[in-house]
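To keep things clear, I will list the structure first and then write my remarks on it.
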């Protein structure tokens, strides 16, 4: 099944020892309707995302990268095919159960940061823990750990508007990891950052992925992301490229 390139696209998956998967996609098809036109965004996707690895999804604009990321992240349901995430056949879940699953097992980082402007750095990182009813003492412990990890303990009381773009993305990473997810998905996390800051964010995500032994999938055009990845999935016209 697997069509992932490893070692920055240099060796086939069959050349390595099989490894547990963070996500398995089998014959995934996804359509969108724009007015009267139906667009086939994903066309029979078969791919495995390895556990405890950083995987990059690359391809030209309009190739289906973000749609693929949204399907893996259980934001969009596929129209056809089978999807297993973190060992769970998510196609069998109701909408409410799927929402609970995302909150418990997945973390998200977006290019526009998506921080809540009226909340402080601390409160933004704490927010997903409140949604999952984590006790206050555990929330304090976890938020402090994450802020220390991304180097923003001294900015805990700052609101997003008082932070630089790079700092806001660090908050977003801390928020994504606060709930100890098994899989973190990032959509163009360096797109709104300058080259130097973007490189620092990639280095931070790579470091956090290794230290916390999580799976990270990054959708990106950035060559630095692809160079940092363990595996690369290349998609074009809704199909995985061999």
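The values are calculated or read from the model by the stated rules, or taken from the named source; none is laboratory data. Please read these numbers as outputs of a predicted model, since none were measured by experiment. Here Cβ is always computed from backbone atoms with ideal geometry, including for glycine, and neighbour counts include all displayed protein chains.
Criterion first (out of contact with any strand residue (DSSP E or B) (no Cβ under 9 Å at 6 or more places or on another chain) and in a helix (DSSP H, G or I)) does residue 151 satisfy it? Against the criterion (out of contact with any strand residue (DSSP E or B) (no Cβ under 9 Å at 6 or more places or on another chain) and in a helix (DSSP H, G or I)), residue 151 does not qualify. Looking at 176, 191, 149, 199, just one residue is surrounded by 23 or more Cβ atoms within 10 Å (Cβ to Cβ) and under 29 Å from residue 65 (Cβ atoms), and that residue is 176.
When 181, 160 are checked against the criterion of being touching a residue at least 24 places away in the same chain (Cβ under 8 Å) and within 17 Å of the chain's Cα centre (by Cα), 181 stands alone in meeting it.
Yes/no per residue for (1) closer than 30 Å to residue 132 by Cα; (2) touching a strand residue (DSSP E or B) at 6+ places or on another chain (Cβ under 9 Å):
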| site | (1), (2) |
| --- | --- |
| 184 | yes, yes |
| 188 | yes, yes |
| 205 | yes, yes |
| 215 | yes, yes |
| 224 | no, no |
| 232 | no, yes |
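Against the definition (in a loop (DSSP other than H, G, I, E, B) and either crowded, with 19+ Cβ neighbours inside 10 Å or at pLDDT below 95 (or both)), how does residue 221 come out, yes or no? Answer is yes for this residue.
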